[in-house]
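**Q** One structure is given below, represented as structure tokens, and several questions about it will come after.
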Amino acid sequence: MNKKIVIYSSGTEHSRQVESLLRERLEGSGITATDALSPDVELIVCIGGDGTFLQAVHTFGFPGIPFIGINTGHLGFYQEIMPDQIDLFLENYSEGRYRLQNMHCVKAIVRCDGVETEFAGLNEIVIRSALSNSVHLDISIGGAFIERFSGDGILIASPAGSTAYNYSLGGSIVDPRLRLLQVTPIAPMNTIAYRSFTSSILLPPDLSLGIVPDTTGPLHRIRITYDSNSFEFDHIDDIEVKLSDVSVDLIRFESYDFWNKVKSKFL
Ligand code: NAD
């Protein structure tokens, strides 16, 4: 056996200690650690919290290589193991006792003056004002106009991202084995002046969401957030959001169960 892995760390004192421990345990194990991706790398180990994992996924550009997380952060929803389980991890990994959890991203294609810019989020895409004013968004589903949204913005969560920001906004928890998009309003206005859905809506994977921001007012700069990254536009013609073909594989051991994880982290 000669396996090559990349180690990506949050850089905190705790993560550095865990990294040293991991490197120590790798000696003589037949697994070599490197810092850069190469075609023969089989696994990326992230030491940190969910934020570090998301950062790694974006830094490596959704590389098609499985990830595993060692949790040195707070929640660790994506992280599979705790620092004291490094030996168990190496044993299970070496013997192939694991499965891959495949998670599809959500993508946004932003069209602006004939130029298309694409963003992918493993958790979510958020569309809101770049300032703190409300936004007015004409929303269509599968090409048919549905509503004019007025409020802080909308969040479109991937199945894996349902437990993140989406959940804080009152969205539903989705078993990540389902393939769907969840569209969750952020502080929707509902008055005689404005009408929009107040709950999340769920879309099948073959439908896309169309969004045309109102750019007539003076404060119409829009911010697109994809996981922990964001980009601002002065003018947007339209945005199309759909489930992406790009996906991320996470190593999960035999004991992993999504609903147990939800229970242990949220209840
Ligand atoms: P951060 O450190 O502020 O993380 C926010 C929290 O979200 C952390 O506790 C993290 O563990 C948790 N988290 C991330 N992904 C998760 C998932 N799939 N399931 C359950 N919990 C998850 O910010 P960051 O590190 O830059 O992470 C970016 C993520 O933070 C975004 O993708 C977004 O989902 C989340 N976020 C949450 C809120 C909120 O809940 N009010 C607001 C902004 C962003």
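**Q** Of the peptides 165-176, 212-223, how do they stack up when ordered by the mean number of other Cβ atoms within 10 Å, highest first?
**A** Those peptides, ordered most packed to least, come out 165-176, 212-223.
**Q** Now for a different question. Where only protein heavy atoms count, and the probe is 1.4 Å, what is the accessible area per residue for the chain in Å²? Spell out each step's value before the answer.
**A** Values: 12480 Å² over 267 residues.
Here the per-residue accessible area is 47 Å².
**Q** Continuing with this model, one more query. Run down the aspartates and glutamates and flag those whose C-alpha is under 17 Å from the C-alpha of residue 242, throwing out any fewer than 8 positions away in its chain.
**A** 116, 118, 124, 138, 206, 227
**Q** Compute a Gaussian network model of the chain, connecting alpha carbons closer than 10 Å, and tell me which residue from 14, 58, 104 fluctuates the most.
**A** 14
**Q** Now for a different question. How many percent of the accessible area of the range 34-157 is carbon or sulfur, using a 1.4 Å probe?
**A** 50
**Q** OK, next. Would you grab the residues whose amide H sits under 5 Å from the one on residue 32? Only those 5+ places off in sequence or on another chain, please, with H modelled 1.01 Å from N.
**A** Residues meeting the amide H criterion: 3, 4, 5.
**Q** Around residue 10, under 13 Å between beta carbons, what's the net of Lys plus Arg minus Asp minus Glu among the other residues?
**A** That works out to -2.
**Q** Hey, another quick one. Using θ = phi - 60° and the Karplus curve 6.51 cos²θ - 1.76 cosθ + 1.60, what whole-Hz ³J(HN,Hα) does each residue of the range 76-92 get, with Gly and Pro shown as x?
**A** For the range 76-92, the Karplus-derived couplings read x, 6, 7, 6, 8, 10, 9, x, 7, 10, 4, 5, 4, 4, 5, 5, 4 Hz, x marking Gly and Pro.
**Q** Search the structure for amide H atoms under 5 Å from the amide H of residue 181, placed 1.01 Å from N in the peptide plane, and list their residues when 5 or more places away or on another chain.
**A** 203
**Q** Same structure again: Enumerate the aspartates and glutamates that residue 261 could reach by cross-link, defined here as Cα to Cα under 16 Å, with residues fewer than 8 away along the same chain left out.
**A** Leaving aside aspartates and glutamates fewer than 8 places away in the same chain, those within reach of residue 261 are 50, 80, 175.
**Q** What is the sum of charges around residue 259, taking Lys and Arg as +1, Asp and Glu as -1, for the other residues whose C-beta is under 12 Å from the C-beta of residue 259?
**A** +2
**Q** Run the reach check for residue 3 against aspartates and glutamates, Cα to Cα strictly under 17 Å, same-chain hits fewer than 8 apart removed. What comes back?
**A** Reachable aspartates and glutamates: 24, 27, 35, 40, 42, 87, 91, 95.
**Q** Here's another thing I want to ask about it. Taking springs between alpha-carbon atoms closer than 10 angstrom, which of 203, 243, 21 fluctuates most in the Gaussian network model of the chain?
**A** Largest GNM mean-square fluctuation: 21.
**Q** Exactly which trypsin sites (Lys or Arg not before Pro) in the range 149-203 are in a DSSP loop and have at most 10 other Cβ atoms within 10 Å?
**A** Here the trypsin sites (Lys or Arg not before Pro) that fit, given the DSSP loop and packing criteria, are 177.
The values are calculated or read from the model by the stated rules, or taken from the named source; none is laboratory data. Note that the coordinates shown come from a computational prediction; the quantities given were computed from them, not determined experimentally. With ideal geometry, Cβ positions are generated from the backbone for all residues, glycine too; neighbour counts draw on all protein chains shown. Surface areas here come from the heavy atoms of the whole protein model, side chains and all, with no ligands, DNA or RNA. Shrake-Rupley method; radii C 1.70, N 1.55, O 1.52, S 1.80 Å.
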